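Input: a single structure, listed below in structure tokens.
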Amino acid sequence: MPVNLNGRSLLTLKDYTPREIQYLLQLSFDLKAKKRMGIPGDLLKGRNIALLFDKPSTRTRCAFEVACYDEGGCATFLSNSQMGKKESLEDTARVLGRYYDGIQYRGFSQKTAEDLAAYAGVPVWNGLTDSYHPTQALADIMTLMENTKKPLSECKLVFVGDARNNVAHSLMIISAKLGMAFTAVSPANLKPDRALTHQMTALARDTGARLEATSDLSAVSGADAVYTDVWFSMGEEEKAEERIHLLSPYRVTQDVIASTGNPHAIFLHCLPSFHDMNTQIGMDIYEKHGIKEMEVEDRVFRAPYSKVFDQAENRLHTIKAIMVATIGRQ
Ligand code: CP
Ligand code: NVA
């Protein structure tokens with residue numbers, strides 16, 4: 001049976017089969033090659049999308065817009081809608097569903113994304129909530145595939161840092177789906193959500209995935225990719241001090257990369273990253289806490305084995321694949 005994702009939302013990836021995820025990845029590679037060859041696209045011609053943002057973004061917003069335009073569609077960016085203030089979520093979703101073929105939502109609560117999908121009548125794509133970042137996870141796996149000759153089922157991905165955040169959760173889900181080894185390395189009180197871990201561990205029994213959560217950094221041994229993310233996510237700024245205290249031993253250093261024991265190991269980060277002091281927040285943290293780098297050393301971030309900008313580019317190709325698969329001209 002061919003894969004048909006027409007009309008589907010993408011909220012967590014939990015409801016996508018391994019085959020559907022593999023299909024999205026293959027489509028991403030095809031669309032990347034097509035763009036590299038300069039072939040103009042029309043797979044989203046006549047399609048309009050709304051980009052609803054309750055949190056800031058660079059990559060996600062730009063990737064959705066460029067992906068849409070590349071394939072002949074039109075995008076509307078909305079960051080100050082009436083939703084939740086003067087108009088209920090339900091009414092807003094019903095209105096947007098009359099204008100648009102698909103809606104991207106980035107915000108705080110996962111329930112908002114789920115409710116939008118329930119009422120809009122068109123696919124809703126989760127562009128990041130407090131709980132999940134599924135479009136990111138697809139780009140991350142695409143980047144890993146570009147950098148390994150091994151099948152994914154033989155690859156080990158290690159996330160180091162705040163392992164209860166959206167990015168870590170989505171990496172655990174996609175790893176479980178694709179039969180990979182996924183290790184979350186974090187302080188005990190920043191482990192992945194317990195219920196999600198149970199759910200993914202049960203799934204892993206079917207897919208052959210190996211999931212692990214530990215506080216021991218030596219678990220990076222054998223990693224094909226070491227991944228980290230910011231120590232406090234958007235909306236958690238008041239937790240900065242506590243997280244710096246908890247996570248400083250978990251900074252991804254050259255020693256951490258070396259202790260993978262894998263000369264081909266790559267470094268991944270969803271970005272934005274605090275790897276130097278060239279940001280307002282990085283500067284504030286330095287003045288308050290005397291730390292020049294947070295989750296990753298600048299020299300790791302800039303090393304040849306760091307694939308963070310390939311990862312950022314792959315947001316474009318994977319997001320395009322999601323839109324083409326769910327609302328594109330078939
Ligand atoms: N990685 C990511 O989602 O980046 P933005 O916050 O810039 O969209
Ligand atoms: N965990 C980060 C990811 C940013 C892309 C955040 O939510 O801020």
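No value in this document is a laboratory result; all are computed from the given coordinates. Note that the coordinates shown come from a computational prediction; the quantities given were computed from them, not determined experimentally. Backbone-built Cβ (ideal geometry, glycine too); neighbour counts: all protein chains shown.
Given Cβ point charges of +1 (Lys, Arg) and -1 (Asp, Glu) and nothing else, what value in debye, to the nearest 20, does the dipole of the chain about its Cα centre take?
Result for the chain is approximately 920 debye, rounded to the nearest 20.
Amide H of G179: which non-local residues (sequence gap of 5 or more, or other chain) have their own amide H closer than 5 Å, using H built in the peptide plane?
Long-range HN contacts for G179: A209.
If you wrap a convex hull around the alpha carbons of region 112-191, what volume per residue comes out, as a whole number of Å³? Could you put the intermediate results ahead of the total?
On the way: hull volume 8.0 nm³, N = 80.
Cα-based convex hull of region 112-191, divided per residue, equals 100 Å³.
Which ³J(HN,Hα) values, rounded to whole Hz and listed in residue order, are derived for region 265-280 from phi using the Karplus coefficients 6.51, -1.76 and 1.60 in 6.51 cos²θ - 1.76 cosθ + 1.60 with θ = phi - 60°, glycine and proline given as x?
Result, ordered by residue: 4, 10, 10, 10, 7, 5, 6, x, 10, 9, 9, 7, 10, 8, 9, 4 Hz.
What is the packing order of peptides 61-73, 153-165, 197-209, taking the mean over residues of other C-beta atoms within 10 Å and listing the highest first?
Order by mean packing, descending: 153-165, 61-73, 197-209.
With an 8 Å cut-off on Cα pairs and a minimum separation of 6 or more residues, tell me the relative contact order of region 172-260 in percent.
31 percent.
Quick check for me: using +1 on Lys/Arg Cβ and -1 on Asp/Glu Cβ, what's the dipole size of region 272-329 about its Cα centre, in debye to the nearest 20?
The dipole of region 272-329 has a size of about 400 debye.
Which angle between 0 and 90 degrees, to the nearest 10, do you get for helix 166-177 versus the longest principal axis of the chain when only C-alpha atoms count?
80
Working from Cα positions, state the angle (0 to 90°, nearest 10) between the long axis of helix 110-120 and the longest principal axis of the chain.
10
Shape call for region 230-330 from the C-alpha gyration tensor, a ≥ b ≥ c root eigenvalues: rounded (a/c under 1.5), prolate (a/b greater than b/c) or oblate?
Cα axes put region 230-330 in the oblate bin.
By counting other Cβ atoms within 10 Å of each Cβ, how are K35, K150, K292 ranked from fewest to most?
K150, K292, K35
Among the listed pairs K32/K55; K191/K239; K149/K307, give every one whose C-alpha distance is greater than 20 Å.
K32/K55
For region 97-105, take each phi angle, set θ = phi - 60°, evaluate the Karplus expression 6.51 cos²θ - 1.76 cosθ + 1.60, and give the result in whole Hz per residue in order, putting x for glycine and proline.
x, 7, 9, 10, 8, x, 10, 9, 10
With the contact rule set at Cα under 8 Å and sequence spacing of 6 or more, what percent relative contact order holds for region 1-152?
The value is 26 percent.
Please list 3J(HN,Hα) in residue order for region 238-245, calculated via the Karplus relation 6.51 cos²θ - 1.76 cosθ + 1.60 where θ = phi - 60°; whole Hz, with x for glycine and proline.
Karplus values, whole Hz, x for Gly and Pro: 6, 8, 3, 5, 4, 5, 4, 4.
Using the Cα centre of region 207-283 as the reference point, and only Cβ charges (+1 on K/R, -1 on D/E), how large is the resulting charge dipole? Debye, rounded to the nearest 20.
Dipole magnitude for region 207-283 comes out near 220 debye.
According to the square roots a ≥ b ≥ c of the eigenvalues of the Cα gyration tensor, what is the shape class of the chain, taking rounded for a/c under 1.5, prolate for a/b larger than b/c otherwise, and oblate for the remainder?
prolate
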